[in-house]
Amino acid sequence: MNKPIYDFFTNDHRRVEKLLDKATEKDGEIQMEYYQQFRAGLLKHIKMEERILFPAAQKANGGVPLPLAAKLRLDHGALTALMVIPPTPDIIKVLRYVLEKHDILEEEPGGMYDVCENLTQGETQAILEQLENATEVPMQPHNAAVYAFESAKRSLERAGFKYDELVK
C-alpha cells in the first residue's frame, strides 16, 4: 500500500536513530557533533508532527483531537526536556527507551501514522510539501542546572516514564 506520510516519518525516525547511534558508537563516549545533529533532527521531527501532521489530522477528523495525540504530546514534552540537559550515559539510556516506546505508538499498524494517513488522504501532497519545507528548531546550549534535570524528570513522569527506574 502507498503510504507516503507514514514512509516520510518512519524514514525520519531511522535517520534520527542513526545519528544517536553514531553519537554513541564509541563505548563510554558521546560524540557531541553527532549528538547535536541528533538533537536538531529530533526537535525538527517533533515540530513537524506537532505543527503539521497532528493539526492536519485533527482538522480532517472534524476538529476532534485524535485519542493518541495527547499521549504522544506528553512524550514529545519529555523528549524535548531531555534535549535541554547535557547527555550522559543515563540520559542516552532513557532517550532510547522513550523513543522506542514512542515510535511503536506511531508506527504500529493502526498507530498514529496510519490514522493520520487515512484521515488526510486528500491532503497528502500539501502535507508532504509542508514537511519538506519545515525549518530547523533553534537550539540553545545545553543547560546543566539541577532544575533543568529535575524538570526533565517531571516531564518524563507526566508521560508515564520513571527516570530512576529506567536508569537502574
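The values are calculated or read from the model by the stated rules, or taken from the named source; none is laboratory data. Since this is a predicted model, take the numbers as computed values, not measurements. Don't worry about glycine lacking a Cβ; one is built from the backbone with ideal geometry, like all the others, and counts go over all protein chains shown.
Observations
- Summed over the stretch 100-150, residues that are under 16 Å from the mean Cα position of the chain (by Cα), exposed (fewer than 12 other Cβ atoms within 10 Å of the Cβ) and of a type in the set (V, I, T) total 2.
- Yes/no for D75 being at pLDDT 95 or above, assigned to a helix (DSSP H, G or I) and crowded, with 16+ Cβ neighbours inside 10 Å: yes
- Residue match in the stretch 28-37 (condition: closer than 21 Å to A159 by Cα and in contact with a Lys or Arg (Cβ under 7 Å, 6 or more places away or on another chain)): no
- Residues of the stretch 84-99 satisfying the condition of being closer than 14 Å to L156 by Cβ and of a type outside the set (A, V, I, L, M): D90, K93, R96, Y97
- Among residues of the stretch 151-168 that are at negative phi and loosely packed, with under 15 Cβ neighbours inside 10 Å, those with a Cβ under 8 angstrom from a residue that is acidic (D, E) and part of a helix (DSSP H, G or I), sequence gap 6+ or separate chain, pair up as V167/D90.
- Yes/no for Y97 being outside any loop (DSSP other than H, G, I, E, B), surrounded by 17 or more Cβ atoms within 10 Å (Cβ to Cβ), among the aromatic types (F, W, Y) and touching a residue at least 60 places away in the same chain (Cβ under 8 Å): no
- Selection within the stretch 78-90 - assigned to a helix (DSSP H, G or I), surrounded by fewer than 19 Cβ atoms within 10 Å (Cβ to Cβ) and of a type outside the set (D, E): T80, P89
- Residue in the stretch 5-24 that is surrounded by the fewest Cβ atoms within 10 Å (Cβ to Cβ), counting only those that are touching a helix residue (DSSP H, G or I) at 6+ places or on another chain (Cβ under 7 Å) and within 18 Å of P109 (Cα to Cα): T10
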